1. Could you give the size of the charge dipole of the stretch 59-154 about its Cα centre, using +1 on the Cβ of each K and R and -1 on the Cβ of each D and E, expressed in debye and rounded to the nearest 20?
2. Per residue of the stretch 150-160, what does 6.51 cos²θ - 1.76 cosθ + 1.60 with θ = phi - 60° give for ³J(HN,Hα)? Whole Hz please, x for Gly and Pro, Karplus curve as stated.
3. For the stretch 64-192, build the charge dipole from Cβ charges (+1 Lys, Arg; -1 Asp, Glu) around the Cα centre, then report which of PRO138, LEU109, GLY180 sits farthest towards its positive end.
4. Here is the link list: LYS80/LYS156; LYS130/LYS175; LYS130/LYS156. Which ones come out longer than 23 Å on Cα distance?
Amino acid sequence: MVDWVSKIFDLAKLPAKFVAAVCLASGFVVLSPESWLGKIALAQLQVDYRTHFGIAFAFSAAYLVVLLLTWIVHRAQEAKYASERRKAVRGEVQFLDQSEIAVLREFLLQDRNTLQMPINEPVVAGLLSKGVLEQVSPLGHSSVIGIEMSVRISSKVRDLVTPQFVGWSEGSPTKGQLEGDMERRPDFFKTH
């Protein structure tokens, strides 16, 4: 009995392409008219082994259906998780403190999509863990202010980071706003 169970698990490890080939071949032999099979000299094979081909077809088709359903469920779960994560990250943006907003303001001040930031800086690390910022590359370099890596605003919240969000008037900052923002820049940007 144990031997059969282990064989079933071994069959479940077969690649889907192989199972699809078995399904197509056995299905062709089982479902094709005898006149077609006679032309390619498989008519006798169908007569002698029809039951075996039928069983192979049924099991391989069932296996492929289960794989397809599993793939669909997995994709649906991924889409649901991505949607929930997007909502959660977008919700986090509404509760950022002034130091976190100042980091995001740098993208607008420098008019860049990607900036080098020290990921060990608490504010940057917090924005990364919340999903508001994301690392562009796994490579970085060590500097006097910490380990600097390229980061960007997450695509989940990029549209929320507007001039109004960072405290500017419509479009671009006024001269007074810009002077105040330059004074309140995070320390690690003042060294650049």
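1. 440 debye
2. Values, residue by residue: 6, 10, 9, 6, 4, 5, 5, 10, 3, 5, 7 Hz.
3. PRO138
4. From the list (LYS80/LYS156; LYS130/LYS175; LYS130/LYS156), the Cα-Cα distance tops 23 Å for LYS130/LYS175.
Where a number appears in this text, it was derived from the coordinates with a stated rule and is not lab data. This one's a predicted model, so the numbers in the text were calculated from it and none came from an experiment. With ideal geometry, Cβ positions are generated from the backbone for all residues, glycine too; neighbour counts draw on all protein chains shown.
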